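These notes are about the structure you will find just below.
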Amino acid sequence: MGLCRYLPTPSDRMGLLWTLLTVKESIILEYGPAGTTHYSMGFLGKLGVDHEEQIFTTHMSEEDVIMGDVSRLENSIIELDESYSPKVIFVVASSTSEVIGTDIKGVCRYMQPEVEAKLIACNIGGFRGDYSVGIAYAYNLLARELVNSTEDKLDTYNIVGLSVGNYRATADYQEIIRLLKQTYNMNIGTALCCETNITQIQNLATAKLNLVVSCEGLDCAKYMEEKFGIPYVYGMPYGYSGTKNWLTQIGEALEIKPNPIIMKELGQKIRETMHYQMYKRMLKKPMQVAIVADYDRLVGLSEFMQSLGAIVTNKICLHTLQAAQNPSPDIKYLKHEGDKIRILESLKNTFLLGDEVSTMLVNNSNTSMCVNSPTVNKSQVATHMPLIGARGADMIREFYDEYIRTL
């Protein structure tokens, strides 16, 4: 990892941990030094992830590292199984255990008869990429290891790819539930991974449809379509037109008609934005937008801002584009922090949608809105203020109108 002035990009291990920690009825056991787990817990607490009595470490001594002794890991598995009776224990490699080549899968295999909990090995210790790689790994792992086959289908849907690492994730989760209930009178089955548990994940295959809301969830959804015959719709409802099109796609996939009242309301919202096109001819300065965010949020917000007459001058993705399918060539992933800092410090008279660190870097001629993690000082208390759907679009428009008044 290179030197960083602000915050380093979280590793694949961190993405894996914050995804698995949302799964109740399970425990994470990390085979590594206590210090690495202590740092992880501090970071995860900042995200608002509840990790009490859910993540543990074996600790590793120098003798364990040198001699390859895994007795601490064996004893920890038995102790956690007896003390907490979880349905699943995720045994996660640390950077230390991955470097020395500890056979986590082998340990889980021969220890399985000794415990009641299902043991699932996670050989990902921080060397495969950034957090987006770890999140995608976690979704695939959960689907392949836990989902049960069934012929029974319920009038439900699953959300795949909703990471708690996303800014306003809980609010977006609640907004999806509200939209599907009001538009199609459907209830949620399971969300990977937000407010879920092992039992719900085991019943994923009972749903009629998977809603894939991030590129990290695509491979998982494709696997479930092939294995369990569950179709999927990929996208996230950003903006008024984006929300209307998303709901239409869902209706087509389910072969049912949407609630006309909801669609009429969205149509009215779209008409209310027509005046933004006129501003392009009236204003002395162009309406410029820069977006720094995770891939799917970046794509969705770019389309929404363009519908409001803005020119999106910079599209900077906070993670690698490894999981993205055919990413647009104008979307950049900047490996070196300095390159991003130089771009942001050069912005003038621009509306910036980004993480909190990015909003701190621009000068006072710009207007900023925090739409992505990481955050430094901000807290996420409200669960009724999403960034998606008509409600999210309304909130973004308020900031955008403030920006326009500066031009």
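What follows draws every value from the coordinates through simple rules; no lab data is involved. The model shown is predicted, which means the values in this text are computed figures rather than measured ones. Note that we place each Cβ from the backbone using ideal geometry, even for glycine, and neighbour counts take in every protein chain shown.
Here are the numbers:
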quantity	calculated
Along principal axes, Cα extents of the range 272-404, largest first, whole Å	39, 34, 33
Interatomic Cα distance distribution for the range 313-362, bins of 10 angstrom, percent	22, 56, 20, 1
Simple spin-label estimate for Asn185 and Lys257 in nanometres, 7 Å along Cα-Cβ	1.3
Taking Tyr167, Tyr110, Tyr276 and counting other C-beta atoms within 10 Å, the order from fewest to most	Tyr110, Tyr276, Tyr167
Sequence of Cys317, Cys4 once ranked by neighbouring C-beta atoms within 10 Å, starting from the fewest	Cys4, Cys317
For Ala121, residues with placed amide H under 5 Å, excluding near neighbours	Val91
Rh by Kirkwood over Cα pairs, then Stokes-Einstein D for the range 69-190 at 1.002 mPa s and 20 °C, µm²/s	125
Residue pairs, from the table Lys24/Lys118; Lys118/Lys222; Lys348/Lys378; Lys181/Lys264, whose Cα atoms sit over 21 Å apart	Lys118/Lys222; Lys348/Lys378
The chain, helix-only ellipticity at 222 nm - DSSP H runs n ≥ 4, -39,500 (n - 2.57), divided by all residues, nearest 500	-13500 deg cm²/dmol
Kirkwood-Stokes translational diffusion coefficient of the range 191-323, alpha-carbon pairs, 10 °C, 1.306 mPa s, µm²/s	92
Amide H contacts of Ile55 (H built 1.01 Å from N, under 5 Å, at least 5 apart or other chain)	Ile28
Long-range amide H partners of Tyr232 with built H, under 5 Å	Asn210
Alpha carbon centroid spacing (whole Å) that separates the range 392-407 from the range 279-355	16
Karplus-derived 3J(HN,Hα), 6.51/-1.76/1.60, for each residue of the range 350-357, Hz, glycine and proline x	10, 8, 9, 10, x, 6, 5, 4
Distance (nanometres) between label positions extended 7 Å along Cα→Cβ at Lys378 and Met395	0.9
For the range 368-374, 3J(HN,Hα) per residue [Karplus equation, 6.51 cos²θ - 1.76 cosθ + 1.60, θ = phi - 60°, Hz, x = Gly/Pro]	10, 9, 7, 10, 8, 7, x
Gyration tensor (alpha-carbon) shape descriptor, the chain, a/c threshold 1.5	oblate
Burial order of peptide ranges 235-246, 344-355 (average beta-carbon count within 10 Å, highest first)	235-246, 344-355
Lys348/Gln268 FRET efficiency (R0 30 Å; Cβ-Cβ; nearest 0.05)	0.30
Anisotropy class of the range 156-269 from Cα gyration tensor, a/c 1.5 cut	prolate
The range 141-203, Cα convex hull volume normalised per residue, Å³	78
